[in-house]
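Peer 1: Here it is, the structure, as structure tokens.
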Amino acid sequence: MLKWLRKLNRYFTSSNLKQKSNHSTSEKTETPLSSNIEENLLKIKDTFSNASDIVIREFEISTRVPIKAFIVYIDGLVDKDFVQMNLMKPLMIDINLSKADDEFDHKNALNIIYQRILTLSEVKKVKDFHETLDYILSGDTALFLDGFSTALIASLRGWESRNITPPDTDVVVRGPREGFTETLRISTSQLRRKIKNPNLKFEKMKIGKQTQTDVVIAYIKGIADEKIVEEVKRRLSKIDTDAILESGYIEQYIEDSPLSFLPTVGNSEKPDIVAAKMLEGRVAILTDGTPFALTVPYLFIEAFQSSEDYYSRPFYASILRLLRFVAYFISVFSPALYVALTTYHQEMLPPAMLISIAAAREGTPFPASVEALMMGIIYEILKEAGVRLPRPVGQAVSIVGALVIGEAAVSASLIGAPMVIVVSLTAIASYVVASINDTVSIMRFVYVLLAAFLGLFGIMIGAAVFLTHMVSLKSFGVPYLSPIAPIVTEDLKDVFFRPPLWKMDKRPQLIAKEENMVRQKPDLMPNPPKNDRK
Amino acid sequence: MKRVVSVLLLIAIMSTALAGCWSRRELDTLAIVSAMGIDKSEEEGKYSIAYQIIQPNELKGSSSPDSSSASSKGVWVLTSTGYTLMDAARKATMQSDRRLFFPQNKVIVIGEELARQGIGPLLDFLNRDPEHRRLSWLLVAKGKAHDIISAKHEQENIPAQAIDNMIKSSTATSMAVKVNLNEFIKNLSTPGSDPVACRIEMIQDNEAKTHKMRLTGASVFKKDKLVGFLDQNETRGLNWILGKVVSGVILVKSPMDENKDVAIEIIRASSKIIPEILDDEIKITVEIEEEGNVAEDLSDIDFTSSEMLYELEKRKAQVIKNEIQAVLEKAQREWSVDIFGFGKAVRKKYPKKWKTLQTKWQDLLPEVDVEIKVKAKIRTSGLSTVSITGR
Amino acid sequence: MLEKGKISNKQMVMLFTICRLMLTMAFLPYVNSPPWSQDLWISSILAFPMHIILALPVYTLAKRFSKLSLIESIEAMYVWFFLHRTSTILRELGEFLTAVPYPETPIIVFIIASALCAAYAVFHGLETIGRLAEIIAPVILSSVFLVFLLIAKDVDISNLTPVLEDGIVPVLYGAFVIAARTTMGMFLWILIPYINEPRKIRNSLLIVFLIFSLHLTPS
């Protein structure tokens, strides 16, 4: 099987290479702009033929020496009011009133407009045609002047975007409510607001031959390991595909073990979580068009850490941490254990329990293993329906699910009541560690099958193979199961418990930059003066 | 190479899948045995075994305690005979549509007649077969084991559950022994000790004209053969020596009025067996320390007087001593069985001398001088110091 | 060398530990182990110095050629030894499983399943196995401890007397048997060249033997 997997892997990589060679001809070459405005206009019109959302406005800069000009922008991506007030009006009206009019001629027109007329903060001079196109497509407005082979790019972007709302994932009781939005710039601003530090770097890339999606690699210089940053850049630059529509696309192109069902790239919708991860030395990848930011390296243990653990006091947070591990084991193993115990190892059940389970199983038509698989599948169907259906119908589904499957099936003796209990317990428990919910679902079925075939021994073999697989994984060079395996004593305290913040003196050993491990001074434990006033 | 690997993989997966047919057993194909009674069969050399099988179907409706009407029966008794236990168990499947399932078996009852012949051969199967737990209680029925197995119990749907609870709660009187298979086998195989087992019998209930099962002390074995029974007081005597008295009531005659009783509750007790060998004379001292509270006083004792308490303590010590004497008389002197573990104590203290003593321990035992020292104390007299009619 | 990965000394300790303890717990060989008496615990403790004595030759070899694994020096013999050892272990495990929980299942099922499981780990290399040990060993050790706590109320220390009933000789013999059995597990010696800090190997080995000995069930 391993051979076969390798072959599969090779197949994937080789097909990638092939594609790359096919498309290498279409790489951009430098095409300078013409100094003839008609030529430029023609070229633009030609490029954007049949694109109804393109707006080209030809006009004359009415100075002493009139100059032909036109602006190009894409309707819907710019703020029209701003274009009229801050671009058209200065060029068509204000220029006459200013002193600039006197010095204006064909030679220095561009410079004067750039330096004295345009009351805009972000204007760039671009000489290349394709670069200009990129800017226009990103929502900038291009101004062409007759006689100049340089276009002025005015950033007057403005489009309808979603408000910042509390995200549906990573819900917290205590902690910031804001989430990322689909607009990249807003997301970076949210991060910048959290970390006001020049070392916070946003390196921009464009990925996707057709979509030209903006992608930002965010990290904190000095904390993030350069090797990891370089690795991220290397993997991102290798992506040569048509479209990046969501960060999930990127995830699938850069993950370490694409054939594993365990995620080795993390994602989050919340700026505070991403900021916290970057402060531990992780690298974030923000993608335009999605509120989900990726973080690497991603370790298994992160699924059990909630941002709220760190915002609330450590005692209950530690209990919750342990509870999440328990919930994980319940959600993965309980149906399998039920099957194994009731079909292979009845002697391991306490007598009273065995009798009541036996009483409930009496007269049910299916073997326990089939029952478990059936109920598992029904639960997955209910879950999927609940997510996809419109909200009012979704409620109906849950009622039908609870009544028909829970009540009626049991009272009709189609399914034993303990199985319903096990499945609902599993379902609830799996939402405690919501971020690896998909993996948990897959594993649950695998274990049920193994338990049906070989009882506890089957579960054990499955667990051993799964564990071996887990420890063999790496995420951007960091062992997936660290700090449990390999044991990193320093980090181990933030695994099963959440230590007080004043005790977490060091950054994660395997993630952060080696030379810069210290997060804070030791002995930060609060120690208020004893002689207080009565 | 690739092909070899894939073929191997296929074999592995197929063998895993096929394994489902081997050791799997659905719950509704099992007849869960809750108790098992072994008797001698009328045919020579055969055992007759009664299995008490739980019927989950019958128990299904009676989840609430008040619905356990007299008509609902939670168990079914199946009888089977065979030349060995395994033989009988397999022959039982001729009458049962389900396979007998033993791990939840709580009670093993052995008939008196069979026990007198020796139960060593039975224990081999119970010890060897992985399906049997060594935590099942081992009881000897005075009479037939079948009667015990087929008896009903008013409180429990499963009579075995009742026996289990009766044995567990026998600590309230300390007048029964709690012996499971493991302990029995351990005592049987340890040199210098003989096993005991619990004793159970059907007692006629005069008013209701029915029979009820009751724990009535202990049954004493010499090696693996039953030699006799101890009654309840003698059993407590045995428990005193073994240090297994947990609680119970001691009745003493009141110092105020010899016709009236005072009940003293045992709070805690411990024992020590101290062997001594002086010039080939073996002497064993049993030291008992006991503490109790006055629970009930039928005479009018003034508990503020310390002399009264001393007197009570003395009388209590005498009662304990008598109980011990009684059991020593029977087991040590009459039957010459070492159910007290005296031999074990000697072996621990004098490992060298024990080597020579071991072989003739049977014969030496009745001659061994056993001294009993009892320290009995009374801690409190309950909530009242004088009786209501006292003043 | 085939293997490029390195494992830490800690991982080696854990590997050694689970390697023997797992089998001990499954099969409890102490039932049939000299001195067949209540003095077994003394044997177990005395096995500690025995371990050291028995391990000395290999240890000195390892010191001398810390870069060279034993398998490179006496390959053929070792390969045979390994085959034999591995098959014994698989057989013992299968024997245990077919004896109690799965009487009707053919033993080959368990052997193949365990062997495939092991092969999968080997496929991923030594580093993975080392990390695996780091997860499994604490789980096993803590469960042993837990079991010990749970049965603590049933433990009767007086069962351990009389101490040295038949003198010291059978106990010493028992200690030797225990140590010899464990030292058989020393096929893990070939791990030595892959260890991070070969200098600290002496301490690591002492820890391993201590865990074995204090565990009090002869491994």
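The values are calculated or read from the model by the stated rules, or taken from the named source; none is laboratory data. Just so we're clear, the structure is a prediction, and the values are computed from it rather than from any experiment. Methodologically, a virtual Cβ is constructed for each residue, glycine included, from the backbone with ideal geometry; neighbour enumeration extends over all protein chains shown. Note: accessible area is taken over every heavy atom of the protein model, side chains too, but ligands, DNA and RNA are not part of it. Shrake-Rupley method; radii C 1.70, N 1.55, O 1.52, S 1.80 Å.
Peer 1: Which condition number in (1) within 14 Å of chain C (Cβ to nearest Cβ); (2) open to solvent by 60 Å² or more (accessible area, probe 1.4 Å); (3) under 27 Å from the mean Cα position of the chain (by Cα) is the one that A:I428 fails?
Peer 2: Checking A:I428 against (1) within 14 Å of chain C (Cβ to nearest Cβ); (2) open to solvent by 60 Å² or more (accessible area, probe 1.4 Å); (3) under 27 Å from the mean Cα position of the chain (by Cα), the one that fails is (1).
Peer 1: Taking the range A:376-385 as the region of interest, how many residues are more than 14 Å from A:S331 (Cβ to Cβ) and either basic (K, R) or open to solvent by less than 40 Å² (accessible area, probe 1.4 Å) (or both)?
Peer 2: Matching residues across the range A:376-385 total 1.
Peer 1: Consider only pairs whose beta carbons are under 8 Å apart and that are at least six residues apart or on different chains; among these, list those whose first residue lies in the range A:325-354 and is open to solvent by 20 Å² or more (accessible area, probe 1.4 Å) and whose second residue is modelled with pLDDT under 95 and among the aromatic types (F, W, Y).
Peer 2: Listed pairs, sorted by first residue: A:F325/A:F304; A:F325/A:F496; A:F333/A:Y447.
Peer 1: Let me ask something else. List every residue pair whose Cβ atoms lie under 7 Å apart, where the two residues are 6 or more positions apart in sequence or sit on different chains, the first residue falls within the range B:93-108 and is touching a residue at least 40 places away in the same chain (Cβ under 8 Å) and farther than 20 Å from B:I167 by Cα, and the second residue, located anywhere, is of a type in the set (D, E) and open to solvent by less than 10 Å² (accessible area, probe 1.4 Å).
Peer 2: Taking only residues 6 or more apart or on different chains, not a single pair turns up.
Peer 1: Right, another one. Tell me, which strands (runs of 3 or more DSSP E) wholly within the range B:87-183 include 1 or more residues that are within 12 Å of the chain's Cα centre (by Cα)?
Peer 2: It comes to B:107-111, B:137-141.
Peer 1: I've got another one for you. What's the total number of residues in the range A:297-330 that are of a type in the set (S, T, Y) and outside any helix (DSSP H, G or I)?
Peer 2: 3
Peer 1: When you go through C:L141, C:L126 one by one, which is the residue that is touching a strand residue (DSSP E or B) at 6+ places or on another chain (Cβ under 7 Å) and more than 10 Å from every other protein chain (Cβ to nearest Cβ)?
Peer 2: After applying the criteria, what remains is C:L126.
Conditions (1) touching a helix residue (DSSP H, G or I) at 6+ places or on another chain (Cβ under 8 Å); (2) more than 10 Å from chain B (Cβ to nearest Cβ); (3) in a helix (DSSP H, G or I), marked per residue:
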| residue | (1), (2), (3) |
| --- | --- |
| A:V332 | yes, yes, yes |
| A:T342 | yes, no, yes |
| A:A359 | yes, no, yes |
| A:F366 | yes, no, no |
| A:G401 | yes, yes, yes |
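Peer 1: Under the condition of being of a type in the set (A, V, I, L, M, F, W, C) and not in a loop (DSSP other than H, G, I, E, B), which residue from the range A:229-265 is farthest from the chain's Cα centre (by Cα)?
Peer 2: A:V229
Peer 1: Just to be sure I understand, how many residues within the range A:163-202 are of a type in the set (K, R) and exposed (fewer than 12 other Cβ atoms within 10 Å of the Cβ)?
Peer 2: Qualifying residue count, the range A:163-202: 3.
Peer 1: A further question follows. Restricting to the range A:25-83, name every residue that is part of a loop (DSSP other than H, G, I, E, B), open to solvent by 60 Å² or more (accessible area, probe 1.4 Å), in the same structural domain as A:E131 (by TED's automatic domain parsing) and free of Cβ contacts under 8 Å to residues at least 40 places away in the same chain.
Peer 2: Answer for the range A:25-83, where residues must be part of a loop (DSSP other than H, G, I, E, B), open to solvent by 60 Å² or more (accessible area, probe 1.4 Å), in the same structural domain as A:E131 (by TED's automatic domain parsing) and free of Cβ contacts under 8 Å to residues at least 40 places away in the same chain: A:S49, A:N50, A:S52, A:D53, A:P66, A:D75.
Peer 1: Looking only at the range B:194-222, count every residue that is over 12 Å from the mean Cα position of the chain (by Cα) and either modelled with pLDDT under 85 or in a strand (DSSP E or B) (or both) and tell me the total.
Peer 2: 16
Peer 1: Scan the range B:366-391 for residues that are of a type in the set (A, V, I, L, M) and at pLDDT 85 or above and jot them down.
Peer 2: Hits for the range B:366-391 are B:V368, B:V370, B:I372, B:V374, B:A376, B:I378.
Peer 1: If you scan the range A:470-516, which residues turn out to be open to solvent by less than 50 Å² (accessible area, probe 1.4 Å), within 14 Å of chain C (Cβ to nearest Cβ) and part of a loop (DSSP other than H, G, I, E, B)?
Peer 2: A:L473, A:Y480, A:L481, A:S482, A:P483, A:I484, A:A485, A:P486, A:I487, A:V488, A:V495, listed by residue number.
Peer 1: Taking A:K204, is it more than 18 Å from the chain's Cα centre (by Cα) and in the same structural domain as A:L286 (by TED's automatic domain parsing)?
Peer 2: No; evaluated as a whole, the condition is false for this residue.
Peer 1: Next question, about the same structure. Given the condition under 25 Å from the mean Cα position of the chain (by Cα), surrounded by fewer than 22 Cβ atoms within 10 Å (Cβ to Cβ) and under 29 Å from A:D170 (Cβ atoms), answer yes or no: does some residue in the range A:449-467 qualify?
Peer 2: No: zero hits.
Peer 1: Another one. Exactly one of these conditions fails for B:K352: (1) buried (at least 20 other Cβ atoms within 10 Å of the Cβ); (2) free of Cβ contacts under 8 Å to residues at least 12 places away in the same chain. Give me its number.
Peer 2: Against the list (1) buried (at least 20 other Cβ atoms within 10 Å of the Cβ); (2) free of Cβ contacts under 8 Å to residues at least 12 places away in the same chain, B:K352 comes up short only on (1).
Peer 1: Something else: Just wondering, is there one or more residues in the range B:64-83 that are modelled with pLDDT of 90 or more and part of a loop (DSSP other than H, G, I, E, B)?
Peer 2: Checked the range B:64-83: at least one residue is modelled with pLDDT of 90 or more and part of a loop (DSSP other than H, G, I, E, B).
Peer 1: Every residue in the range C:159-183 that is in a helix (DSSP H, G or I) and open to solvent by less than 50 Å² (accessible area, probe 1.4 Å), please.
Peer 2: Across the range C:159-183, the qualifying residues are C:P170, C:V171, C:G174, C:A175, C:V177, C:I178, C:A179, C:A180, C:T182, C:T183.
Peer 1: Let me ask something additional. Out of the residues in the range B:101-114 meeting the condition of being open to solvent by 10 Å² or more (accessible area, probe 1.4 Å) and more than 11 Å from chain A (Cβ to nearest Cβ), tell me which one is nearest to B:Q52 (Cα to Cα).
Peer 2: B:E112
Peer 1: Which residues, taken from the range B:293-313, are without any contact (Cβ under 8 Å) to a residue 24 or more places away in the chain and of a type in the set (S, T, N, Q)?
Peer 2: Residues satisfying the conditions are B:S305, B:S306.
Peer 1: Output the qualifying pairs, or none if there are none: Cβ atoms under 7 angstrom, residues six or more apart or on different chains, first residue in the range B:356-369 and over 16 Å from B:I273 (Cβ atoms) and in contact (Cβ under 8 Å) with a residue 24 or more places away in the chain, second residue in a helix (DSSP H, G or I) and charged (D, E, K, R).
Peer 2: Within 7 Å, the pairs are B:P366/B:R333.
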